[in-house]
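Written out below as structure tokens is the structure these notes cover.
Just so it is clear, none of the values below were taken in a lab; they were calculated from the coordinates. Small disclaimer: the values here were computed from a predicted structure and weren't measured. As a convention, Cβ positions derive from the backbone with ideal geometry for all residues, glycine included, and neighbour counts pool all protein chains shown.
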Amino acid sequence: MKATAIAGSNIAFIKYWGNQDDDLRIPMNGSISMTLDAAHTTTSVEFSPTLSADRFTLNGNLDNGEATSRVTRHLDHIRRLANTEMKAEVRSENSFPTGAGIASSASGFAALTVAASEALGLDMTKSELGRIARLGSGSACRSIDGGFVEWRPGESHEDSFAEPIAPADHWDLVDIVAIISSEHKAYGSSAGHTLAHSSPFYQARLRRVGDSLARVRQAILDKNFAALGRLIEEEAIQLHVTAMTSTPSVLYWQAGTLNVIHALREWRDNDPAVAGFFTIDAGANVHIIAERKAVPALLERLEAIDGVEETLVSSIGG
């Protein structure tokens with residue numbers, strides 16, 4: 001009883017930050033993301049009656065800690081649906097740094113959900129898979145689909161799910177990740193979601209999100225690059241201000257993060273042909289959204305930025 005699944009990570013244009021319900025990972029606000037092809041997780045799940053406990057190997061390393069516990073808790077949701085108690089051998093590989101703010105948990109739990117469900121013979125719709133994936137990592141529900149995806153927050157398990165806005169071939173955008181740090185971040189997203197409510201700016205952000213969602217959704221449908229770029233930069237700053245002003249403060253940015261932000265603004269002002277707009281998830285690394293024609297010039301210039309370790313280029317994933 002074995003299956004393998006590949007799921008792309010996603011970069012959120014409007015971000016998920018803070019929960020109505022931490023256990024069910026029902027978010028305080030809706031979010032919109034773009035699925036990535038080069039940043040992906042490949043996961044194999046094999047259930048066996050001979051195993052006494054789940055085993056989890058990540059990037060070739062057998063884990064005996066919290067990561068395995070988290071995998072087990074997630075598999076328990078799927079085991080209940082299949083009415084089985086069989087344990088599983090889980091092997092997972094990321095094509096990009098893990099736990100560094102490139103949404104490895106999103107692709108990881110999406111791939112785990114699909115592979116485990118297939119291995120147990122469960123016939124589930126994408127919406128059903130997304131709801132289960134959300135229980136492992138909220139943003140994982142957006143990685144079940146390709147292209148541009150919107151997560152409807154809802155108020156219960158059944159009505160909190162993601163659905164596609166536009167397919168992968170709708171718009172030829174590229175995400176360049178300027179990797180500032182490949183180290184595992186000190187504060188994971190789960191901790192950030194809990195602390196978000198302590199920020200004095202959190203409610204102000206929530207009041208703006210509805211309008212931002214509508215504007216980003218329309219910019220995607222219209223393929224309006226300038227409008228999308230302005231909106232995602234505003235949203236990224238608002239989210240990180242919320243994180244920085246929580247108690248305790250969560251500060252993800254590093255010197256290289258700011259170097260890339262300042263460089264992008266300078267390049268756009270002086271040479272529109274090198275236009276790229278930044279967004280930053282819960283980490284130091286900078287995602288640069290660009291039209292494909294600008295990618296070669298952006299990559300060349302990013303090589304000269306102090307603090308950029310390497311770059312990862314992704315098209316829109318299926």
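What net charge do the residues around Ile179 carry, taking every other residue with its C-beta under 10 Å from that of Ile179, with Lys and Arg at +1 and Asp and Glu at -1?
So the environment of Ile179 carries a net charge of -2.
Estimate the FRET efficiency between Leu24 and Ala82 by the formula 1/(1 + (r/R0)^6), using the beta-carbon distance for r and 22 Å for R0, to the nearest 0.05.
Working from the Cβ atoms, E equals 0.60.
What is the percent of Cα-Cα separations in segment 227-318 that go past 16 Å?
In whole percent, the long-distance tail amounts to 56.
Along its three principal axes, how long is segment 46-149 when you only count alpha carbons? Whole Å, largest extent first please.
The Cα atoms of segment 46-149 stretch 40, 31, 17 Å along their principal axes.
Sequence-distant or interchain residues sharing an amide H contact under 5 Å with Asn285, placed H: which?
Close amide H contacts, sequence-distant or interchain: Ile180, Ser181.
For a bin width of 5 Å, list the pair-distance distribution of segment 43-90 built from all Cα-Cα distances, rounded to whole %.
Histogramming segment 43-90 at 5 Å steps yields 5, 22, 33, 26, 10, 3, 0 percent.
Any chance you could run the full-extension gain for Leu221 through Asp159? It's 0.36 nm times the residue separation minus the Cα-Cα distance, nm to one decimal.
Full extension from Leu221 to Asp159 adds 19.9 nm.
Report the residue, chosen from Glu66, Glu234, Glu155, that carries the largest GNM mean-square fluctuation when the chain is represented by alpha-carbon nodes joined by springs under 10 Å.
Of Glu66, Glu234, Glu155, the Gaussian network model singles out Glu66 as fluctuating most.
Counting only Cα, what are the radius of gyration and maximum Cα-Cα distance Dmax of segment 147-194, in Å?
In Å, with Rg to one decimal and Dmax whole: 15.7, 38.
Take the Cβ-Cβ distance between Asp211 and Glu309 as r, set R0 to 25 Å, and report the resulting FRET efficiency rounded to the nearest 0.05.
Taking R0 as 25 Å, the efficiency between Asp211 and Glu309 is 0.10.
Using only Cα atoms, find the angle between the long axis of helix 255-270 and the longest principal axis of the chain, and express it within 0 to 90 degrees, rounded to the nearest 10.
The two axes meet at around 50 degrees.
Report, to one decimal in Å, the Kirkwood hydrodynamic radius for the chain based on all distinct Cα pairs.
That comes to 19.7 Å for the chain.
Using the structure shown, select from Lys15/Lys87; Lys126/Lys223; Lys87/Lys185; Lys15/Lys126; Lys185/Lys223; Lys2/Lys126 the pairs with a Cα to Cα distance greater than 23 angstrom.
Lys15/Lys87; Lys126/Lys223; Lys87/Lys185; Lys185/Lys223
Could you pull the Cα extents of segment 83-204 along its three principal axes, largest to smallest, in whole Å?
45, 36, 33
Under a 10 Å cutoff between Cα atoms, tell me which one of Ile176, Ile144, Ile237 has the largest fluctuation in the Gaussian network model of the chain.
In this elastic network of the chain, the residue with the biggest mean-square fluctuation among Ile176, Ile144, Ile237 is Ile237.
If you take every residue apart from Ala236 with its C-beta less than 14 Å away from the C-beta of Ala236, what net charge results, scoring Lys and Arg +1 and Asp and Glu -1?
Counting the neighbours of Ala236, the net charge comes to 0.
Under the Karplus relation 6.51 cos²θ - 1.76 cosθ + 1.60, θ = phi - 60°, what is the ordered set of whole-Hz ³J(HN,Hα) values for segment 171-183, x standing for Gly and Pro?
8, 8, 9, 10, 10, 9, 8, 7, 7, 8, 8, 9, 6
I want to verify the translational diffusion coefficient of segment 127-282 in µm²/s; compute it with Stokes-Einstein, Rh as the Kirkwood radius over Cα pairs, at 10 °C and 1.306 mPa s.
Stokes-Einstein gives a translational diffusion coefficient of 92 µm²/s.
Between Ala166, Ala275, Ala82, where does the largest GNM mean-square fluctuation fall for the chain, given springs only between Cα atoms within less than 10 Å?
Residue with maximal mean-square fluctuation among Ala166, Ala275, Ala82: Ala82.
Assign unit charges at the C-beta atoms only (+1 for Lys and Arg, -1 for Asp and Glu), then state the dipole size of the chain relative to its Cα centre in Debye, rounded to the nearest 20.
Once rounded to the nearest 20, the dipole reads 440 debye.
Kirkwood hydrodynamic radius, segment 1-105, all distinct C-alpha pairs: what's the number in Å?
After inverting the pairwise mean of 1/r, the radius is 15.4 Å.
What angle, in degrees between 0 and 90 and rounded to the nearest 10, separates the Cα long axis of helix 104-119 from the longest principal axis of the Cα atoms of the chain?
For 104-119 against the chain, the angle is about 30 degrees.
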